[in-house]
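Peer 1: Quick one: the structure is below, questions incoming.
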Amino acid sequence: GLGFNIVGGTDQQYIPNDSSIYVSWIKKDGAAYLDGRLQEGDKILAINGKDLKNLRHKDAVELFRNAGCYVSLKIQRRLQPQNGPVGHRGSGESDGLPLAAILVPGLALAATAVWILLRYRQRM
């Protein structure tokens, strides 16, 4: 996978009256963690150009699962002021997160590991 979990959606609002999709957890040593740009609490506005507005949680999950090898995320960064509530930066949107630099080699490495494991099992 992409190495992170999401929360939110029209049916499982993470923030009251907000059906947006948010990053809830980033897997250590996963693709998103190694890339370093995505942060827990970020709002994901789009994946590969597909808007995530008004989606049920499971539909958003399907978009992430079927994203392919080249993934671009449009996010809005959540800021935590020293004194005060968590808020969103004015525009706060990035130009996207091309995670392909991590995902493609990571997927190739995973495929190689599976191939080696299967070959090793055949010899036993």
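Peer 1: Name the single residue, out of those in region 1-52 being acidic (Asp, Glu) and part of a loop (DSSP other than H, G, I, E, B), that is surrounded by the most Cβ atoms within 10 Å (Cβ to Cβ).
Peer 2: This residue is 42.
Peer 1: Any idea which of 65, 78 is surrounded by fewer than 14 Cβ atoms within 10 Å (Cβ to Cβ), at pLDDT below 95 and out of contact with any helix residue (DSSP H, G or I) (no Cβ under 8 Å at 6 or more places or on another chain)?
Peer 2: 65
Peer 1: Next question. Please pick out the residue among 11, 42 that is acidic (Asp, Glu), touching a His at 6+ places or on another chain (Cβ under 8 Å) and on the phi < 0 side of the Ramachandran plot.
Peer 2: One residue alone meets the criteria, 11.
Peer 1: Which condition from (1) modelled with pLDDT of 85 or more; (2) surrounded by 12 or more Cβ atoms within 10 Å (Cβ to Cβ); (3) part of a helix (DSSP H, G or I) is the one that residue 101 breaks?
Peer 2: (1) is the only condition that residue 101 fails.
Peer 1: Show the residue pairs that are 6+ apart or on different chains and have beta-carbon atoms under 6 Å apart, the first residue being within region 1-19 and closer than 22 Å to residue 31 by Cβ and free of Cβ contacts under 8 Å to residues at least 24 places away in the same chain, the second being surrounded by fewer than 20 Cβ atoms within 10 Å (Cβ to Cβ) and of a type in the set (Ser, Thr, Tyr).
Peer 2: Qualifying pairs under 6 Å: 5/24.
The values are calculated or read from the model by the stated rules, or taken from the named source; none is laboratory data. These figures come from a predicted structure and were not determined experimentally. No Cβ is skipped: glycine too gets one built from the backbone with ideal geometry, and neighbour counts run over all protein chains shown.
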